[in-house]
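Trainee: Please read through the structure below; I'll follow up with questions.
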Amino acid sequence: MSQGMNDLTSRRPVVLLTDDGLLSEFWAFLRERLEQRLSPTCDIRYLDVRESDLAAVDWADIDAVALFGGDLTQDMITAATRLKVVASETDTCGIEAMDALWDAGIPFVEGTPGWGQSVAECGLSLILCGLRRIPQWHHEVITGFRPWDYPYVQFCDDPRFANGTVAGKTVGIIGVGEIGGRIASWCATLGATVLAYDPFRSPQRFAEVSAEPVDLDRLVRDSEILVVAAPDTPSVTGVVDRDHVFALRQGALVVTITRAAAIDAAALRERVLADELAWAADVYDVEPLPEGDPLIGRHNVVHLPHIAGRTRDANIAVADIVADDILRVLAGEQPRHPLTPQRLHVRLGRTPAARHGRDGTGG
């Protein structure tokens, strides 16, 4: 950073809040939250990038950026001699801008973890709905069927697929980040044996979420419920390949949350349509599902239309992370949610530039 905290002793810091229409048209509550959190101590300048060019900003007067629209350039960052932190909902800044920020010792904060609770709760609900066929029973009730006489009397689930309680099941989790980690912990609390695969996490992380780290071969072999909770990044795309899908035990329940790119969807579809696996999905290989897709309406598939993170609570949590870390950095502290070169490397399969000797937190 080119100037120290003395810059802020005689003036209120200036936060530039950019918008490409998302805040003004859909997420007004998020803008209100940011203003509520930042305005007591900061001056906020709002910029709709559809109407004004970021290049026209007086960058020399900007202390922080909450980036919800537009792209930063190296020239802008160079001109922003007071700039101490950039924050956004996710890593949408552009790789050249990220390099320029890291070179200048300016942290980039991402609010992505704010979606974790909402998505994880939805993932847990998909497990429960898949085990108990809750959507199918609901459909039968509201469409006039009388499903009160069960063929097995005290047993009403489909014996061809994983059913009943989470307790006593072996649950396999692909990815133990903000989402998969929560699901792992909750399943363990409910009484499941939890196995997990995530080559980018430390042994401490597996212990934190009560999961046993295992290789993929054992994970797919032993799991009665497989939860795919990995993001759509080159480092995980297709990691659960066709052989892994066909190694899943007969009747296993597969849950896809966050993105479906980590699993071979063609192989998964093949086994689901053959009644060999059940599938509970918020995300698919093709979205939206085309009209007439053979997955729609099946007795062994639970559907959601990619809504797991689309809650007001999740977006408010994103705003709080952004505001908290902006205020923290402006107060001379380290951010809690920085995007580091190492983390970006994991997502993009890109080796961090050798010149980045920092950890990405600034200072």
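The values are calculated or read from the model by the stated rules, or taken from the named source; none is laboratory data. Since we're looking at a predicted model, the values are computed, not measured. Every residue, glycine as well, gets a Cβ built from its backbone with ideal geometry; the counts of neighbours run over all protein chains shown. For accessibility, only protein heavy atoms count, side chains too; no ligands or nucleic acids. Shrake-Rupley method; radii C 1.70, N 1.55, O 1.52, S 1.80 Å.
Trainee: Counting only the heavy atoms of the protein chains, how much of Trp148 is accessible to a 1.4 Å probe, in Å² to the nearest 10?
Mentor: Number for this one is 130 Å².
Trainee: Taking GluC sites (Glu not before Pro) as exposed when DSSP calls them loop (any state but H, G, I, E, B) and at most 13 other Cβ atoms lie within 10 Å, what is the longest stretch of the chain free of them, the sites themselves excluded?
Mentor: After excluding every exposed loop site, the longest remaining stretch is 52-290.
Trainee: Mind checking the full-extension length gain between Thr143 and Ala207? Use 0.36 nm per residue of separation minus the Cα-Cα distance, one decimal, nm.
Mentor: 18.5 nm
Trainee: If you don't mind, another one. Give me the percent of the accessible area of the stretch 247-304 that comes from carbon and sulfur atoms, probe 1.4 Å, all protein chains in place.
Mentor: 54
Trainee: For the stretch 136-246, max minus min Cα coordinate along each principal axis, in Å, sorted largest first?
Mentor: 50, 29, 24 Å, listed from the longest principal axis down.
Trainee: Can you give me the pair-distance distribution of the stretch 9-71, C-alpha pairs, 10 Å bins, whole percents?
Mentor: 22, 53, 23, 2
Trainee: Output the Kirkwood hydrodynamic radius of the chain, Cα pairs only, in Å rounded to one decimal.
Mentor: Value: 22.4 Å, from the Cα pair sum.
Trainee: To continue, here is another question. Could you work out the relative contact order of the chain, using alpha carbon pairs under 8 angstrom and six or more residues apart, expressed as a whole percent?
Mentor: 19
Trainee: With an 8 Å Cα cut-off and a minimum separation of 6 or more residues, compute the relative contact order for the stretch 244-354 in percent.
Mentor: 19
Trainee: Here is a further query. Gaussian network model of the chain, Cα springs within a sub-10 Å range: biggest mean-square fluctuation belongs to which of His138, His306, His244?
Mentor: His138
Trainee: Tell me the trypsin sites (Lys or Arg not before Pro) within the stretch 23-68 that lie in a loop according to DSSP and have at most 12 other beta-carbon atoms within 10 Å.
Mentor: Filter output for the stretch 23-68: Arg50.
Trainee: I would also like to ask the following. What is the mean projected area of the alpha carbon convex hull for the stretch 246-322, to one decimal in square nanometres?
Mentor: Averaging across all directions leaves 6.2 nm² for the Cα convex hull.
Trainee: Could you give the C-alpha radius of gyration of the stretch 17-138 expressed as a fraction of 2.2 N^0.38 Å, taking N as the number of residues it contains?
Mentor: For the stretch 17-138, the normalised Cα radius of gyration comes out at 1.36.
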